[in-house]
Amino acid sequence: MKTRSGDFVLPGDALGVTEEFVPSEWTYEDNGEIRSLVAGTVSMDSKNKKISIIPKTSSPSILKRGNLVVGQISEVRGQRALMKIEGIKGNRRSLATSFSGAIHISQADKGYVSKLSDEFRIGDLVEARVTRLMGVDNVDLTTAEDELGVLKAMCTKCRHFMKEIGEKEVKCPNCGRKEKRNLSSEYEG
């Protein structure tokens, strides 16, 4: 597909290759190809070798490095916790597409973390910062800041939301189970 400035494209449409252009606003790189993130009109900057999209409608939110995001932990395994990103903190608009992010054990807390399951559990609601974006499904996140981490912890036994009882400890009001978590300074419990 040979895309030109002014062409109308849909999300996922191929726009060019990274050997020719640098992905810019509303685009992403996917295995060497530059693709559209939203429906809109192609804009090519030949001088700076950039390709971008001018969104057709009121533009949805898009993730950028440094954004604070909120999501739910979907998996905790070995060295990574996977999080389904629900939205950008403080932005009411939905994301242009669904994103999944990963929190590496080295980015979970400021100090040494021996077990990632002491930081997060499946179902926990988490606030994190985007550190790196590589396409639609590869977002690196960090919670190694005081205000970041678990906003609401879910009991692994009975699935009720837990109350904070210590700096890194929560307790289930339903079954009495105590667990460790990387709690945000804004923990709601």
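A few comments on the model shown:
- Just checking the listed ones, Glu169, Glu119, Glu127: in the Gaussian network model of the chain with Cα springs under 10 Å, the one fluctuating most is Glu169.
- For the chain, built as a Gaussian network whose Cα springs stay under 10 Å, the top-fluctuating residue of Asn67, Asn31, Asn138: Asn31
- Summing charges over all other residues whose Cβ lies under 15 Å from the Cβ of Lys64, with Lys and Arg as +1 and Asp and Glu as -1, gives +2.
- FRET efficiency estimate (nearest 0.05) - Cβ-Cβ, Arg93 to Thr41, R0 30 angstrom: 0.90
- Straight Cα distances below 20 angstrom link Lys47 to the lysines Lys2, with same-chain residues fewer than 8 positions distant left out.
- Of all lysines in the structure, the ones whose alpha carbon falls short of 27 Å from that of Lys157, not counting any fewer than 8 places away in one chain, are Lys84, Lys115, Lys168, Lys171, Lys178, Lys180.
- If you take the Cα centroid of the stretch 1-41 and the Cα centroid of the stretch 113-189, the two points sit 36 Å apart.
Here, each number is a calculation from the coordinates, and none is a lab measurement. Here the structure is a predicted model, which means the values were calculated and not measured. Quick reminder, even Gly has a Cβ in these numbers, built from the backbone with ideal geometry, and neighbours come from all protein chains shown.
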